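In what follows, a structure is listed as C-alpha cells, so that the remarks can point back to it.
Every number here is computed from the coordinates shown, using simple stated rules; none is lab data. What you see is a predicted model; the values in this text were computed from it and never measured. As a convention, Cβ positions derive from the backbone with ideal geometry for all residues, glycine included, and neighbour counts pool all protein chains shown.
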Amino acid sequence: MTSIRTETRSIPDLGNTRYDSFKAGLDPTIYPLTLFYEAACPLCNAEMSNLMLRDTEGHLRFADVSAPDFTDVPAGATMEDLMTLIHARTADGRVLKGVEVFRLAYEAVGMGWVSSAMRMPLLRPLAEWGYPVLARNRHRIPRGVVRLLFEGAVRRAAERSALARCDAGTCAR
C-alpha cells in the first residue's frame, strides 16, 4: 500500500487563516459582525439581501445607514464614511471597512472560498483597488445589471435558507 505524504509547506499560504478558524468555529471577538450598508443603493441592497438569506446561523447583523432613523455611527467613522464604503463593527468593537468586511461576511455565511480567493496574491490587490472604484460608482450601475448579477445568487441563497429550516421535527442542511 502506498502511503500518502502531505506537507503543509507544499501548500501555498493564501492567508486564509480566518477560514481555518471558521471550520473550527467563528472567532467570538469578530462575530456577530455588524455590517453598515446603504439599502438605498440597489447593488448594496442586493448583496446584503444575499448575505441575509445565507446567514442562517445569525453571525451577521445589518444596519441600513440610509434609513431616516439611523443613528448608530460607529466610533471613528462619520456618516459620510459609511455612505462611501461598507463598514463593519466586530463583536469586540473594532471598526473595519472595505474588502475586509466582505471577507469576514462571506466567511460567516459559509462562503470561505470567496474570502480565500480575495486573499490570493493576485486577487487581493485587485480587490483592494477595485472595491473603492466600484463603491464610488455604484449608483451608476443600472438596476437591470444588478438584477442580472444577483438574481441567481439570491434565489440559491433563498433555497438554501428554506432547506435549513426545520420541517416536521427534522432539519436538513
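Below is a table of values for the structure above.
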read-out: Environment charge at residue 65 (Cβ cut-off 15 Å; Lys +1, Arg +1, Asp -1, Glu -1); value: -3
read-out: Gyration tensor verdict on the stretch 19-118 (Cα atoms; rounded if a/c is under 1.5, prolate if a/b is larger than b/c, oblate otherwise); value: prolate
